[in-house]
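Beneath this line is the structure, given in structure tokens, with notes to follow.
No lab work stands behind these numbers, since they all come straight from the coordinates. Predicted model, so just to flag it, every value in this text is computed and none were measured. Neighbour counts run over all protein chains shown; Cβ positions are idealised from the backbone, glycine included.
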Amino acid sequence: DPEAEHLKDPNSRKRFGKLVFVSDYQWNTYRLAHGIMPSESIVLKNAIVPIEMTEEKDQSGPIRLIYHTTPHRGLEILVPVYEHLYQKWGDKIHLDVFSSFNIYGWPHRDEPYKEIFQKCKDHEGITYHGTVSNEVVREYLKSAHIFAYPSIWEETSCIALMEAMSAATCCICPNLGALSETASNFAVMYSFNEDPNVHANAFANTLNNVIEKYWHEEHQAKLKFQKMYADNFYSWDQRTIEWTNLLRSLQ
């Protein structure tokens, strides 16, 4: 990012009390690219408000998939894969898509994705929600079974993944960027490939396997452990203490 180029200059870095990174992955990439010293920086990871689960996931209806992030992060992989798997599973699965750049107030950025959005609207097994509040997404996560996330965007952290983990939702994603670190071995992860067709095939096989075994006892036990981990490690209760300690140390 051109905005970060000034960090190569030690004198520019001296203007800051501390450079704060949201993941070890992000810190390491900046350290290697710009020569940032460990003493100049700290990692304070992103955090969420844990999602309260008052009841178990529904076993009587379809397995509900969810995609709740902007379209450029992999929606063009997800939709055709889902269309393919729907031919096998039919109404035993359903996909909720919450995706639009309108979340950032950039509706013009949606233009390249109009065709994908229309496919979602036209498909009987997909509900396209566009942009809604985080409160609405969190409610849907409570009943979602799978966070289907074939990411093609090298993220420095992923709050959508953190919230899905807190909702005891099975997360499927590639080992791209900080996703491995964020998922902490709880996601069903596959190797990222820059070829869209190879990526789509890997994602489709992984997603199909998860649908087949979703209700297995050992899988459900892992999801409960995942929620406990996410609620403790990614809670703002914990992160607030870390931020307070940092700010006090800089006084």
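As a test, work out the antiparallel percent of DSSP beta bridges whose residues both lie in segment 1-126, rounded to the nearest 5. Each step should come with its number before you reach the end.
Values: 0 of 9 bridges.
Taking every DSSP beta bridge with both residues in segment 1-126, the antiparallel ones total about 0 percent.
In the neighborhood of Ser39, defined by Cβ-to-Cβ distances under 14 Å, what is the net charge if each Lys or Arg adds +1 and each Asp or Glu adds -1?
+3
Using only alpha carbon pairs under 8 Å that are at least six residues apart, calculate the relative contact order of the chain and give it in whole percent.
Worked out over the chain, it gives 22 percent.
Per the helix-only calculation at 222 nm, which mean residue ellipticity applies to the chain, given -39500 (n - 2.57) for every DSSP H run of n ≥ 4 and division by its residues, nearest 500 deg cm²/dmol?
Computed mean residue ellipticity for the chain: -13500 deg cm²/dmol.
How high is the relative contact order of segment 119-184? Use alpha-carbon pairs under 8 Å, at least six apart in sequence, and give a whole percent.
So the answer I get is 31 percent.
Can you compute the FRET efficiency between Lys121 and Ser143 using 1/(1 + (r/R0)^6), with r the Cβ-Cβ distance and R0 = 25 Å? Round to the nearest 0.05.
0.75
Would you work out the relative contact order for segment 118-251, in percent, from Cα pairs under 8 angstrom that are 6 or more residues apart?
Computed value for segment 118-251: 19 percent relative contact order.
Of the labelled options (1) 17.7, 53; (2) 19.4, 62; (3) 16.8, 47, which one gives Rg and Dmax of the Cα atoms in Å as computed for this structure?
(2)
For a quick size check, give me the Cα extents of segment 71-220 along its three principal axes, largest first, whole Å.
So the three principal-axis extents are 44, 35, 34 Å.
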